[in-house]
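Visitor: First, the structure itself, so that you have it in front of you.
The values are calculated or read from the model by the stated rules, or taken from the named source; none is laboratory data. Since the model is a prediction, treat every value here as computed from it, not as a measurement. We place every Cβ from the backbone using ideal geometry, glycine too, and count neighbours over all the protein chains shown.
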Amino acid sequence: MKTILSYLRPHAPRVAVGVTVKFTAAVLELLLPLLLAHIIDDCVPTRDLAAIRRAGGLMLLMAFGAALCNITANRMAAWVSMDMTRLLRRDLYQRTLLLSQAQLDRFSASSLVSRLTNDTYNVHQMFDKIQRGGIRAPMLVLGGLALTFLQAPPLALIQLAVSSATFLAIWLVTRKGIPRYTKAQEAVDTVVRIIRENAAGVRIVKALACQERERERFTAASRSARETEEDAGRIMAAANPLSNFLLNLGLVLVVLAGALLVDRGRMNSGQIVGFLSYFTLIQTATLGLAKLFVKFSKGVASARRIEEVLLAPEGQLVRLTEEAAPGPELGMENVSFSYLGVEKDLNGASFSLNKGETLGILGPTGSGKTTLVSLLLRLYDADEGIVWLGGQNVDTLSREALRGRFGVVFQNEALLNDSVYENISFLRELSREEVIAAAKTAQAWEFIQNLPRGLDARLDIRGANLSGGQRQRLLIARALAARPGILVLDSADSALDYRTAAALHAAIRRDCPGMTLVVISERVASLREADRILVLEDGVIDAQGTHAQLLKDCKRYRRMAELQMGGLE
Ligand code: ADP
């Protein structure tokens, strides 16, 4: 909570003013029953109309003043909580962008989305309600009790007993509610995740006719979310009726005890009416408190979830070393890595590459190809060994130093719902010439020219109005456009026919001399020109060498080449 509370600090003066105004309103509200008692007990019996008018007018004025104060303070509260939530959301978003890939995996995208939306909303609600009711409600309860104590201690004692019981009941209920709301929030995360997955994979879901299964999966998650929310709601549902019942009970007790006291001549009937007014005040205030507690329990749970992200440790530290011996342009030295710390997803990888050379990576699905590349990009840090980049240990390179060095096409990468130009330029404000040159190298220029508005043609969400091969070529153009020192293509030609793929690789070599290339492919043909090919199997580099060497030495490679290229070799 400390971190979240610090967002309130800049607004301290405003909050202080709001609190003072609320305080004034509460004092005015507390004085009203006293005036009422005065009218009934002192003015009515003497039929002093002028005094009644005076006191009545004063009551009206005070009620009006209290309303005005409350409106002002509530507006201020809304403004403060809105502004601090805006800053909180901004910082949370910026922090999210800085999370390491490992941290992103751990939090999961859907949970981050709900932290940015639901949780910031809950925190907003909490601060808003606390400012509105946090002063007023306790003051009305305590002030009401104090004023009644001065007049009739026995009646005040009944009130005290009732409000204590109410507080205790609400506190117990709330304490049980908080963990349930946290669980409910997690269940909502799951629902959001499934929606995202389905929205992203809608085609495959339809193609494989898994709608039924997906619907069931969604229904199950949604049911679980409803059940946990219901569970939390069930507990919290007791709060209001319980406090209502207790206060009504107190009301009856006060009337009974008051009647006895009036009977014995120790109290006036006007005072009883005043007491009943206090009861109404205390009742509403206690109910307000109950609601406040609900908002509070939700808000605290959400604040914790937000702080988890805000306070997440700097994922990847940049090691400062005065390392003397530089390493290769690109390479690994005995590198091992595990995503979950259970089994090694990359095990003892070693290779090296010179500037301008091409690295080919071949291996079945799940063999660790993407993992190897992710370590080169420092999306994750290796558990053991050294990853070399530009002659330096990547551990010593900051995010800024790494940025801009790579052009990357990953699998399942998405296009934006924007023009072809924007999709290639990708917020880097490249010139149209640069974009066209990249499109030409990526073998995309021909089909772009044939689009209704060429470079300015608009793509649907995820480029749904293009073929798979066209999308891949646009993504390659995007990766090429800023002329990176190292280009990584992760199965980027899987949707291209052999001829286009061959033309693409030839064009990259021709148009981008000096660019280091890392090509992941399941096609031997796409890799045969590479200076070094790694054959991966179960996270281990099984063999490495040039196409010719591997044909000679690696049985698996030879078999793949024969299968794919038939009698070509
Ligand atoms: P490839 O690119 O060769 O298909 P990957 O490098 O993607 O293979 O995956 C290698 C292994 O690491 C697989 O067993 C996969 O399940 C696991 N893996 C990949 N990404 C993650 C992740 N984010 N968290 C946990 N395990 C992962």
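Visitor: Quick check on this structure: which one of L97, L145 is at pLDDT below 95 and farther than 29 Å from T24 by Cβ?
Guide: Step by step, each of L97, L145 is checked, and only L97 is at pLDDT below 95 and farther than 29 Å from T24 by Cβ.
Visitor: Can I ask one more? For segment 226-256, name all the residues that are over 30 Å from D189 (Cα atoms), touching a helix residue (DSSP H, G or I) at 6+ places or on another chain (Cβ under 6 Å) and in contact (Cβ under 8 Å) with a residue 40 or more places away in the chain.
Guide: Residues satisfying the conditions are L242, S243, L246, L247, G250, L253, V254.
Visitor: Any residue at all in segment 306-322 that's modelled with pLDDT of 80 or more, of a type outside the set (F, W, Y), surrounded by fewer than 19 Cβ atoms within 10 Å (Cβ to Cβ) and in contact with an Asp or Glu (Cβ under 8 Å, 6 or more places away or on another chain)?
Guide: Taking every residue of segment 306-322 in turn, at least one turns out to be modelled with pLDDT of 80 or more, of a type outside the set (F, W, Y), surrounded by fewer than 19 Cβ atoms within 10 Å (Cβ to Cβ) and in contact with an Asp or Glu (Cβ under 8 Å, 6 or more places away or on another chain).
Visitor: Looking at F351 and the list (1) in contact with a helix residue (DSSP H, G or I) (Cβ under 8 Å, 6 or more places away or on another chain); (2) at pLDDT 95 or above, which single condition is not satisfied?
Guide: (1)
Visitor: May I ask you to verify whether N412 is closer than 30 Å to N450 by Cα and within 13 Å of the ligand (Cβ to nearest atom)?
Guide: Criteria met by N412.
Visitor: List every residue pair whose Cβ atoms lie under 6 Å apart, where the two residues are 6 or more positions apart in sequence or sit on different chains, the first residue falls within segment 521-549 and is under 16 Å from T365 (Cβ atoms), and the second residue, located anywhere, is among the hydroxyl-bearing types (S, T, Y).
Guide: Hits for this filter: V535/Y557; L536/S367; E537/S367.
Visitor: In addition: Considering only segment 372-394, I want to know if a residue exists there that is surrounded by 20 or more Cβ atoms within 10 Å (Cβ to Cβ), among the polar types (S, T, N, Q) and under 23 Å from Q316 (Cβ atoms).
Guide: For segment 372-394, residues surrounded by 20 or more Cβ atoms within 10 Å (Cβ to Cβ), among the polar types (S, T, N, Q) and under 23 Å from Q316 (Cβ atoms): present.
Visitor: When you scan segment 379-394, do you find a residue that is within 18 Å of S338 (Cβ to Cβ) and within 10 Å of the ligand (Cβ to nearest atom), even just one?
Guide: yes
Visitor: Take S367 and decide whether it is assigned to a loop (DSSP other than H, G, I, E, B) and either in contact with a helix residue (DSSP H, G or I) (Cβ under 7 Å, 6 or more places away or on another chain) or buried (at least 20 other Cβ atoms within 10 Å of the Cβ) (or both).
Guide: Considered against the rule, which asks whether it is assigned to a loop (DSSP other than H, G, I, E, B) and either in contact with a helix residue (DSSP H, G or I) (Cβ under 7 Å, 6 or more places away or on another chain) or buried (at least 20 other Cβ atoms within 10 Å of the Cβ) (or both), S367 comes out as yes.
Visitor: Let me ask another. If you scan segment 364-400, which residues turn out to be farther than 17 Å from G331 by Cα and under 28 Å from the mean Cα position of the chain (by Cα)?
Guide: Across segment 364-400, the qualifying residues are S398, R399, E400.
Visitor: Residues in segment 268-289 that are touching a Leu at 6+ places or on another chain (Cβ under 8 Å) and small (G, A, S): how many?
Guide: Summing the residues that are touching a Leu at 6+ places or on another chain (Cβ under 8 Å) and small (G, A, S) in segment 268-289 gives 4.
Visitor: On to the next question. So, of the residues in segment 327-363 that are part of a loop (DSSP other than H, G, I, E, B) and among the small types (G, A, S), which turns out to be surrounded by the fewest Cβ atoms within 10 Å (Cβ to Cβ)?
Guide: Out of the qualifying residues, it is G341.
Visitor: For segment 284-291, indicate whether the set of residues that are buried (at least 17 other Cβ atoms within 10 Å of the Cβ), closer than 28 Å to Y93 by Cα and at pLDDT below 85 is non-empty.
Guide: For segment 284-291, residues buried (at least 17 other Cβ atoms within 10 Å of the Cβ), closer than 28 Å to Y93 by Cα and at pLDDT below 85: absent.
Visitor: OK, next. For a quick check of your reading: which helices (runs of 4 or more DSSP H) sit entirely within segment 32-141 and have at least 3 residues that are of a type outside the set (S, T, N, Q) and within 16 Å of the ligand (Cβ to nearest atom)?
Guide: Output list reads 101-107.
Visitor: Search segment 449-461 for residues that are in contact (Cβ under 8 Å) with a residue 24 or more places away in the chain and pair each with any residue that is surrounded by 13 or more Cβ atoms within 10 Å (Cβ to Cβ) and of a type in the set (S, T, Y) when their beta-carbon atoms are under 6 Å apart and the residues are at least 6 apart or on different chains.
Guide: So the pair list comes out as L455/Y421; D456/S419; R458/S419.
Visitor: Please pick out the residue among S419, S398, S352, S336 that is within 16 Å of the ligand (Cβ to nearest atom), touching a residue at least 24 places away in the same chain (Cβ under 8 Å) and of a type in the set (S, T, N, Q).
Guide: S336
Visitor: Which residues, taken from segment 116-133, are in contact with a Phe, Trp or Tyr (Cβ under 8 Å, 6 or more places away or on another chain) and over 25 Å from L68 (Cβ atoms)?
Guide: Scanning segment 116-133 gives L116, M126.
Visitor: Also: Please identify the pairs in which a residue from segment 489-505 that is under 15 Å from G360 (Cα atoms) has its Cβ atom under 7 Å from the Cβ atom of a residue that is hydroxyl-bearing (S, T, Y) and within 16 Å of the ligand (Cβ to nearest atom), counting only partners at least 6 apart or on another chain.
Guide: From segment 489-505, the pairs are D490/T370; S491/S521; D493/S521; D493/S526; A501/S526; H505/S526.
Visitor: Let me ask you something else. Go through segment 177-265 and tell me which helices (runs of 4 or more DSSP H), entirely inside it, have 1 or more residues that are surrounded by 13 or more Cβ atoms within 10 Å (Cβ to Cβ) and under 21 Å from the mean Cα position of the chain (by Cα).
Guide: Here the list reads 211-237.
Visitor: Another question, if that's okay. For segment 523-550, which residues satisfy the criterion of being surrounded by fewer than 17 Cβ atoms within 10 Å (Cβ to Cβ), within 16 Å of the ligand (Cβ to nearest atom) and in a loop (DSSP other than H, G, I, E, B)?
Guide: Answer for segment 523-550, where residues must be surrounded by fewer than 17 Cβ atoms within 10 Å (Cβ to Cβ), within 16 Å of the ligand (Cβ to nearest atom) and in a loop (DSSP other than H, G, I, E, B): just D538.
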